[in-house]
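Readers should treat all values here as calculations from the given coordinates under stated rules, not as data from a laboratory. Since this is a predicted model, take the numbers as computed values, not measurements. Glycine also receives a Cβ, built like all others from the backbone with ideal geometry; neighbour counts cover every protein chain displayed.
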Amino acid sequence: MVFDLTSWLISPYILMSAAVFTGVLLGRLRIGRFSFGISGTLFTGLIIGWFVYGRYALPYEGTADAPAHAVNMLKNGVVHIDFFYLFLILFVAAVGLLASKDLGAVIRKYGIKFIILGFMITFAGAAVTYLLVLASPGQDPFAVSGVYVGALTSSPGLGAAIEAVSRYGTEAEAAVGAGYAISYPFGVLVVILAVQFIPLIFDIDMEAEKEVFKKEMAEARLAAGARDIPEVSFDITGFVLTILIGYSIGSVKIYLGPMGQFSLGSTGGVLIGALLLGYIGDLGGIHFRMNNKVLGVIREVALAFFLSIVGLRYGYRVFGALLGGGAYLAFVSLVVGISAILVGYLIGRHLFGINWIMLSGSICGGMTSTPGLGAAIDAVGSDDPAAGYGAVYPFALLGMVVFTILLHRMPMG
């Protein structure tokens, strides 16, 4: 009998399972009112990813006789990105269906406020990024400006950024990609910590917010004439059809003239598709209103694995940035992320008076941060923030594409 210990240790299934198991245990620990919750899987994933990549891949970088496992890891990462998108799509589909019943009431009550929030959060991030580019003449401006889309965790924004700098050559494109790669995990961390700590910092009474939210939504549902649609335990055809239709929506590209093209991507498309289909309820005997507990299990499992994969894929980059030459880019991503979140909080809370339950999801939507949404749902203890996330996300994504292009067309020293 032969047992290949190395192959077993670096198997994506072992790594994901280990990160989820240890992360859930970490999330159960409480320090006063704070706990990581399901987000603990991100942090254990970061540590495991850093160790595995540094031990089993990095020593063979650039060598001609690297073993097969090292070649695969150097090419595809600690865990292949297909796992990333699989669990992300499952999570978003479950969240969208859970939040869909209140879609009409949310849009009726908040409407234009969410549109403004989406654009203001992305504008604040772009403005701070530009100022930091001007303030860092010794840094590669393309790498620093590439941090913007990473800090706001936007893959479509990355595509727009690379397209915007393509006239400067492949080195500029690579610099933008490097800035994104370093800043993305820090952007995720900032949003996750923000939805956990903002209620503590600003002394928000979560229970009181929940009561106010219930009253507000009850009034909004009545005004919107919400329909009472019966739900089923689970309809696998409805769930899969939601993903198929949503993914198709996300694949549609809308051309914006000189601004290039805009698409919702797989995340945005599946989310919008799930919200719309869940709101409709059923089509030809295929049901989209499903039991909250069943969808909640899918959501929690998918989120746990998704966050662990983010940690596993970016663990080495995070520690490398903190210990090496990427420290400044990591700092920029933190400043950009915190600034955008604070602008969203101040406008949403003090100008628009939006309840924290809905605002927490709206801020995550403005940051286009799916991991942040998971943390907000976990911190609040319900799926209610998802409706705010889904309503803000498309406008934030459009704003990010537009501001990314403008950012790279402005003089950067």
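Net length available on complete extension from Y255 to S7 is 84.7 nm, with 0.36 nm assigned per residue and the Cα-Cα distance removed.
Based only on other Cβ atoms within 10 Å, what is the fewest-to-most ordering of F142, F213, F352? Could you put the intermediate results ahead of the total?
Numbers: F142 24, F213 20, F352 16.
Least to most surrounded, the residues fall as F352, F213, F142.
With the gyration tensor restricted to C-alpha atoms of the chain, the semi-axes of the equivalent ellipsoid amount to 33, 27, 21 Å, longest first. Each residue in R28, R299 was given a count of other beta-carbon atoms within 10 angstrom of its own, and listing them fewest first yields R28, R299. Report summary: the helix-based calculation at 222 nm, which adds -39500 (n - 2.57) for every DSSP H run with n ≥ 4 and divides by the residues of the chain, gives -24500 deg cm²/dmol. Residues whose amide H falls under 5 Å from that of D282, counting only those 5 or more places apart or on a different chain, are F288, with hydrogens built in the peptide plane.
Once the piece of chain linking A174 and I286 is laid out straight, how much longer is it, given 0.36 nm per residue of separation minus the C-alpha distance between them? Intermediate results must be reported in sequence, preceding the final value.
Details: separation 112, 0.36 × 112 = 40.32 nm, distance 4.57 nm.
Roughly 35.7 nm would be gained on extension.
A protection proxy built from the mean count of other Cβ atoms within 10 Å ranks the segments 65-77, 184-196, most packed first, as 184-196, 65-77. Given in Å, the Rg to one decimal and the Dmax to the nearest whole number for the Cα atoms of the stretch 294-413 are 16.4, 54.
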